[in-house]
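Following: one structure in structure tokens, then a few remarks.
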Amino acid sequence: MRTKNILGLLVCIALVFCFYVTPSANAASAEDEILQLVDNFDKAINTANYELMASLYSPKYSSFGPPKSLAYLIKGWDGEMWKKMFKHPAGTYNSSSHNNEVTILAENLAMVTGYSTITFYPPAVKEESSELLRSTSIVQKIGGKWLFIHGHTSILPTE
Amino acid sequence: MRTRTFVGLLSCMCLVLCIYVAPAANAASAEEEVMQVMNNWFKAFNTNDYQLMASLWWNSPKLTKFGPDKAGTFLLQGEPVITDWKFLPADPVGTYANSLRHPLVTILDDNVAIITLYNSQTYTDPKTKAQTVALARGTFVVQKINGKWLIVHEHASKLPTE
């Protein structure tokens, strides 16, 4: 009888341990989920995937971009710009983000700072061109999904 | 007796009205409080007031900044973001004339907001009096920490020309 009690107790402890460990093994941390958003941004550029790119932004998105055309604050996500860019075949643009740092600002708000290298391989020309950028992204968890709500991307200052 | 009841009722209504109105008259909205941080940032810069400038930032290792010029190219973190402003008192007042343009406050949460803005800066060389004008854009992330709105991140960049 005593052995059965000990065995039962051990099974219960093992069960509780399993319940405790299993969810954390599967669930990504907020930081991981946010870094996945940045990875998806790179992936969308590298595969010229308009639908994937469109799925990463909140309708309330606003941004300062690196070229002259994006010098002033753009309110809303500029789908036309991406459509134009993705008319080129996949592989024309390559984006590689690095040194990303996530700062959690509130339960559903965070900031990502980092750098990215955008390389342009013009199909008709053999020479490639690269630009190193720095960026600040504000992201918000809306409907269980992290989305970009503000971006400030600028080229590295030379003076 | 009826008059006394009526006066009593009126007094109660006045009291309720006063309680309802008084705090609203004094308390600034979150947008106003956040905007005050930005106004103070410009005031501190234009009057070379390091103490005021230092008081606007979150004194934490998590404080970060991308600056508009070459010295601020890469992410600056923690206390150096604040001490970087120590150059201010060394220059005479009037060296930097910053003008805040089109500020936009977006409250994201009870304690988190962003401000986007443009800054037209005229720099007057103290020796030669030669002037240069630069136009920059900025994103400031502010957080209400211990009841006070503080800058936790700045990304400033010159307006792209190409």
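The values are calculated or read from the model by the stated rules, or taken from the named source; none is laboratory data. Here the structure is a predicted model, which is why all the values come from computation and not from measurement. Glycine gets a Cβ as well: all are built from the backbone with ideal geometry, and neighbour counts include every protein chain shown.
A few comments on the model shown:
- Residues being in contact (Cβ under 8 Å) with a residue 60 or more places away in the chain and small (Gly, Ala, Ser) - total across segment A:65-110: 2
- Test: residue in segment B:61-69 that is within 14 Å of chain A (Cβ to nearest Cβ), of a type in the set (Phe, Trp, Tyr) and within 23 Å of A:ALA110 (Cα to Cα): yes
- A:ALA106 vs. criteria of a type in the set (A, V, I, L, M) and in contact with a helix residue (DSSP H, G or I) (Cβ under 9 Å, 6 or more places away or on another chain): no
- Residues (within 14 Å of chain B (Cβ to nearest Cβ) and surrounded by fewer than 14 Cβ atoms within 10 Å (Cβ to Cβ)) located in segment A:25-71: A:PRO59, A:PRO67, A:LYS68, A:SER69
- Matching residues, segment B:52-92, being polar (S, T, N, Q) and touching a Pro at 6+ places or on another chain (Cβ under 9 Å): B:THR73, B:GLN77
- On inspection, A:PRO67 does not qualify as more than 19 Å from the chain's Cα centre (by Cα) and farther than 24 Å from B:THR161 by Cβ.
- Residues in segment A:120-159 that are exposed (fewer than 12 other Cβ atoms within 10 Å of the Cβ), within 10 Å of chain B (Cβ to nearest Cβ) and of a type in the set (Ser, Thr, Tyr): A:THR158 only.
- Checked against (1) facing chain A (nearest Cβ under 8 Å); (2) touching a helix residue (DSSP H, G or I) at 6+ places or on another chain (Cβ under 6 Å); (3) β-branched (Val, Ile, Thr), B:ILE107 passes all but a single condition, namely (1).
- Which numbered condition A:THR92 misses (of (1) within 24 Å of A:LYS145 (Cβ to Cβ); (2) surrounded by 13 or more Cβ atoms within 10 Å (Cβ to Cβ); (3) at pLDDT below 95): (1)
- For B:ARG137, the criteria (1) of a type outside the set (Asp, Glu); (2) at pLDDT 95 or above; (3) in a loop (DSSP other than H, G, I, E, B) hold in every case but one, which is (3).
- Identity of the residue in segment B:112-162, over 21 Å from A:ASN108 (Cα atoms) and of a type in the set (A, V, I, L, M), that ends up farthest from the other protein chains (Cβ to nearest Cβ): B:ALA130
- Single residue of B:ASP69, B:ASP110 found to be over 15 Å from B:HIS155 (Cα atoms) and either surrounded by fewer than 17 Cβ atoms within 10 Å (Cβ to Cβ) or at pLDDT 95 or above (or both): B:ASP110
- Subset of segment B:70-84 (residues that are away from chain A (no Cβ under 14 Å) and among the basic types (Lys, Arg)): none
- Residues satisfying the stated conditions in segment A:98-151, i.e. assigned to a strand (DSSP E or B), among the charged types (D, E, K, R) and more than 30 Å from B:ASN111 (Cβ to Cβ): A:GLU131
- The set of residues in segment B:46-78 that are assigned to a strand (DSSP E or B) and either within 14 Å of the chain's Cα centre (by Cα) or without any contact (Cβ under 8 Å) to a residue 24 or more places away in the chain (or both) comprises B:TRP57, B:LEU76, B:GLN77.
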